[in-house]
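See structure below.
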Amino acid sequence: MFGIVRPCRHRLGDPLATQWMAHLCGLCLALRGDHGQLARVVTNYDGLLISVLTEAQAAKDGKGGAWRRTAGPCPLRGMRTASVAQGEGARLAAAVSLVLASAKVRDHVADGDGLLARRPVALAARRVADSWGRAGA
């Protein structure tokens, strides 16, 4: 998990914390569904805001649960099911997360940070970053 934005869990309260987790899980599942299992590593709070804002600005269509679905058990939720965000907001957040991760990896490659100072590792990282950048676009 990376990013600048962090939830203040002791101030959110239960209803908002549940909504926040619904968007976080929705983002993770959108990444998996649209871009594969490996893409889930780019889940971050900064991209998550896109999902939250998209849902908040969407016109209420009277369908009630149109922005949510029930997801199966997940180890990160203690193997419990949960109501998760779905739709265009989650997919847009996934695209933003991929672009942010791509930029971060490219920056680390350019700086030669840690393992990325080694040429073979940097080449592989650059390929992953290019793939995420194209997927996010």
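Would you mind getting me the FRET efficiency between Ala56 and Arg6? Use the beta-carbon distance for r and R0 = 25 Å, nearest 0.05. Could you put the intermediate results ahead of the total?
Values: r = 19 Å, r/R0 = 0.76.
Efficiency for this residue pair is about 0.85.
Under the rule of -39500 (n - 2.57) per DSSP H run of 4 or more residues, summed and divided by the residues of the chain, what mean residue ellipticity at 222 nm is obtained, to the nearest 500 deg cm²/dmol? Could the numbers behind the result be given before it?
On the way: 4 runs with 82 residues, N = 137.
Helices in the chain give a 222 nm mean residue ellipticity of -20500 deg cm²/dmol.
Considering the Cα positions of segment 1-43, please state its Rg to one decimal place and its Dmax as a whole number of Å.
12.0, 34
Any idea what angle helix 9-35 forms with the longest principal axis of the chain, computed on alpha-carbon atoms, 0 to 90 degrees, nearest 10?
The helix 9-35 is inclined about 60 degrees to the chain.
Which of rounded, prolate, oblate describes segment 63-137, given a ≥ b ≥ c as roots of the alpha-carbon gyration tensor eigenvalues and a/c under 1.5 marking rounded, otherwise prolate only if a/b is larger than b/c? Can you show the working numbers first?
Numbers: a/c = 4.18, a/b = 2.13, b/c = 1.96.
In terms of gyration-tensor shape, prolate.
Any idea what angle helix 119-136 forms with the longest principal axis of the chain, computed on alpha-carbon atoms, 0 to 90 degrees, nearest 10?
Approximately 30 degrees, to the nearest ten.
Please give the length that would be gained between Arg40 and Asp130 if that part of the chain were fully extended, namely 0.36 nm times their separation in residues minus their C-alpha to C-alpha distance (nm, one decimal). Walk me through the numbers before you get to the answer.
Working: separation 90, 0.36 × 90 = 32.40 nm, distance 1.62 nm.
The span from Arg40 to Asp130 would gain 30.8 nm if fully extended.
Please compute the net charge surrounding Leu49, taking Lys and Arg as +1 and Asp and Glu as -1 over other residues with Cβ under 12 Å from its Cβ.
Working: positive: Arg6; negative: Asp46, Glu55.
Result for the neighbourhood of Leu49: -1.
Measure nothing fancy, just the Cα-based angle from helix 45-57's long axis to the longest principal axis of the chain, in degrees from 0 to 90, nearest 10.
On a 0 to 90 degree scale, this one is about 30.
List the relative contact order of segment 31-137 as a percent without decimals, with contacts defined as Cα pairs under 8 Å and 6+ residues apart. Please report the intermediate quantities before stating the final value.
Numbers: 116 pairs, mean separation 28.5, N = 107.
The value is 27 percent.
Keeping the other protein chains in place, figure out the carbon and sulfur percent of the accessible area of the chain, with a 1.4 Å probe. Each step should come with its number before you reach the end.
On the way: 4890 of 8360 Å².
For the chain, the apolar C and S fraction of the accessible surface comes to 58 percent.
Seen from all sides and averaged, what is the projected area of the convex hull of the Cα atoms in the chain, in nm²?
Working: hull surface 37.5 nm².
Average of the hull's projected areas for the chain equals 9.4 nm².
Over the chain, give the accessible area per residue in Å² for a 1.4 Å probe, as an integer. Could you put the intermediate results ahead of the total?
Values: 8360 Å² over 137 residues.
Value returned for the chain: 61 Å² of accessible area per residue.
The values are calculated or read from the model by the stated rules, or taken from the named source; none is laboratory data. As the structure is a computational prediction, the values presented were derived from the model and not from experiment. Positions of Cβ are generated from backbone atoms using ideal geometry, with glycine treated the same way; all protein chains shown enter the neighbour counts. For accessibility, only protein heavy atoms count, side chains too; no ligands or nucleic acids. Shrake-Rupley method; radii C 1.70, N 1.55, O 1.52, S 1.80 Å.
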